[in-house]
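Here the structure is laid out as structure tokens; the discussion comes afterwards.
We did not get these values from a lab; they are worked out from the coordinates using the rules stated. What you see is a predicted model; the values in this text were computed from it and never measured. Cβ placement follows ideal geometry from the backbone for every residue including glycine, while neighbour counts extend to all protein chains displayed.
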2 protein chains.
Amino acid sequence: LARYAYVDGRYTPHDAASVHVEDRGFQFADGVYEVVSIIGGRMIDMQGHIDRLERSLDALDMAAPLSRPVLTMIMRELIARNRVDEGIIYLQVTRGVAPRDHKFPTGIKPTLVMTTKRVDFRNQKRLSEGVKVITIPDIRWARCDIKAISLLANCMGKTQASGAGAYEAWQVDAEGRITEGTSSNVWILTRDNKLKTRMLGPEILRGVTRDSLIRIAREEGIEVVEEAFTVEEARECREAFVTSATSFLTPVVQIDDTVVGNGVPGSLSCRLQRWYLDYSSGLRETA
Amino acid sequence: LARYAYVDGRYTPHDAASVHVEDRGFQFADGVYEVVSIIGGRMIDMQGHIDRLERSLDALDMAAPLSRPVLTMIMRELIARNRVDEGIIYLQVTRGVAPRDHKFPTGIKPTLVMTTKRVDFRNQKRLSEGVKVITIPDIRWARCDIKAISLLANCMGKTQASGAGAYEAWQVDAEGRITEGTSSNVWILTRDNKLKTRMLGPEILRGVTRDSLIRIAREEGIEVVEEAFTVEEARECREAFVTSATSFLTPVVQIDDTVVGNGVPGSLSCRLQRWYLDYSSGLRETA
């Protein structure tokens, strides 16, 4: 099956899609990205992702590669060309190509790359059975609110999780509080039935799925407390789950060696997951 | 002038040198690098740079792209092809190309890229006149001992320095102690005449030039104290300088708004610089 990537104005066969070795994305991790899920050929939370892309670009004093309508049009076109009904579109913007120098250069053209991948989201066992997570120290930089491609620490954490037979690693700050997963936000239903997820700040990425789920939960009359919690609080919780554009709402049934609740996805988690899946399939309206 | 880059087994015209958009160096900053200076066509501290490259690869569980002798041979060949008498060779190894997934993939071939650049090191005014630096919070990750390409924070710091009319930004840890510059190690001669540079640890990169200068200083009977120091201690110092493969020993004459000493490079700094330049020109033997 021929697949295309979009690179700087051209739809290129995926295998031939390349960038210059002096692209600042390759030499300095000087770039940002977004991953948008697609269901039924439709992008989920598109606005939220483009909003965040613009925030990331702003935070790094980077120019937007294209206007919002043109960007959106190209995303739709690539999805159509690659006939992606269910899957993801990945979008990366870097500062561009320049002779190697740490200082941000001016007057260069940003690099824009997009790729797609087909993923059969709804048949993933982890959505129904839940997953194990481990906890690890958060060794990342102080600006995790920027969705930058400087993801080496996240990759190390995810690899460690995988080595421990876990789906995700929850990162823990110097005060023993969970920040977020290496590619997801973390949620718990506490012993006293509070649905908690960490407050926004430079320590975490503002998840688009997190935003949507907060909105959906509140519409359903469920209070969401945005507050930090410790590993101990998490281990004693009733339910736990992670959210991200590609894991949707994935229940967590084990944290390190501690089984969560009865070891199966909790009932609130299941309800929220169903609401979110309905929303992402276009079966549910939200504000 | 035609310049070549080396990319994965081939000498390619520089302008055409590219890597795939799913190279993990481009998507995850999953790679390491070295910059080696060249004087008189000869690489300075080659052994030290290759040793460190191997340590960086080990720390990230990455395979070496080539054996040490072959790597060295290719570096020499590229320098010869590009007729670099004075300048740098830049070498980058990434984990390779794989479908995007945070977890380290196995069984893929590392990507190896090399480029060169001519630089007229010895006519740079900053070596004789000194430079201004600013101090900024160190916002980087907890593994700065790995020479990884996840350099976005360093780029932000260098850009901030440039905006303030400074050559470098010294990064300061939570305890108010200087870690290192965004692309250099920091040294001071304290009020009580101690030559200090921060001790090794995960907070700083073990500079190859730092190593060489420690050796040279000790050969000259000058004691080097490897110890952390605060911004206040630095502002009250007699002399200050930075070291790196490309800045050699660059004297610092101003820290934020504070003039260092008499505002000109200090006498110990000048002697150390001369010894280091002699060493790097092959005019001086060291152990």
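Things to note:
- Legend: ranking of residues A:210, B:42 from fewest to most surrounding C-beta atoms inside 10 Å; resulting order B:42, A:210.
- Computed over segment B:129-287, the P(r) tail beyond 25 angstrom holds 23 percent of alpha carbon pairs.
- Cβ neighbours within 10 Å from other chains - mean over A:93-102: 3
- In this calculation the C-beta distance from residue B:16 to residue A:267 is compared with R0 = 51 Å, giving a FRET efficiency of 0.30.
- Only Cα pairs under 8 Å and 6+ residues apart enter the sum, and on that basis the relative contact order of segment B:1-96 stands at 40 percent.
- FRET efficiency for residue A:285 and residue A:235, using Cβ-Cβ distance with R0 set to 22 Å, rounded to 0.05: 0.05
- Cβ-Cβ FRET estimate between residue A:215 and residue B:77, R0 fixed at 41 Å, reported to 0.05: 0.10
- Computed from Cα positions, the angle between helix A:152-163 and the longest principal axis of chain A comes to roughly 50 degrees.
- In terms of the mean number of neighbouring beta-carbon atoms within 10 Å, the peptides B:246-254, A:25-33 order highest first as A:25-33, B:246-254.
- Ratio of Rg to Rh for segment B:1-44: 1.05 [Cα atoms; Kirkwood radius as inverse mean 1/r over pairs].
- Mean Cβ neighbour count within 10 Å, used as a protection proxy, ranking B:273-281, A:113-121 highest first: A:113-121, B:273-281
- Packing-based order for B:81-91, A:258-268, using average beta carbon neighbours within 10 Å, highest first: B:81-91, A:258-268
- Here the protein assembly as shown carries DSSP beta bridges of which approximately 80% are antiparallel, counting only pairs with both residues inside.
- Under the simplified labelling scheme, the residue B:164-residue A:222 pair shows an inter-label distance of 4.7 nm, with each label point 7 Å from Cα along Cα→Cβ.
- Net charge over other residues, Cβ less than 10 angstrom from the Cβ of residue A:113 (K, R count +1; D, E count -1): -3
- For residues of B:9-21, the mean tally of beta carbons on other chains within 10 Å: 4
- Each other copy places its own label point for residue B:201 at 2.3 nm from this one, sorted shortest first, where the point lies 7 Å along the Cα-to-beta carbon line.
- Inter-label distance for residue B:66 and residue B:106, nm, one decimal - labels placed 7 Å from Cα along Cα-to-Cβ: 2.7
- Each label was represented as a point 7 Å from its Cα along the Cα-to-Cβ direction; for residue B:59 and residue B:256 these points are 2.8 nm apart.
- Inter-copy separations for residue B:129, label at 7 Å along Cα-Cβ, nm, ascending: 6.8
- With the label put 7 angstrom out from Cα along the Cα-to-Cβ vector, residue A:227 ends up 4.6 nm from the copy partners, going from closest to farthest.
- Dividing the convex hull volume of the alpha carbon atoms of chain A by its residue count gives 134 Å³ per residue.
- Segment B:69-205 shape via C-alpha gyration tensor axes, a/c threshold 1.5: oblate
- Each 20 Å bin from 0 upward holds the following percent of the Cα-Cα pairs of the protein assembly as shown: 20, 50, 26, 4.
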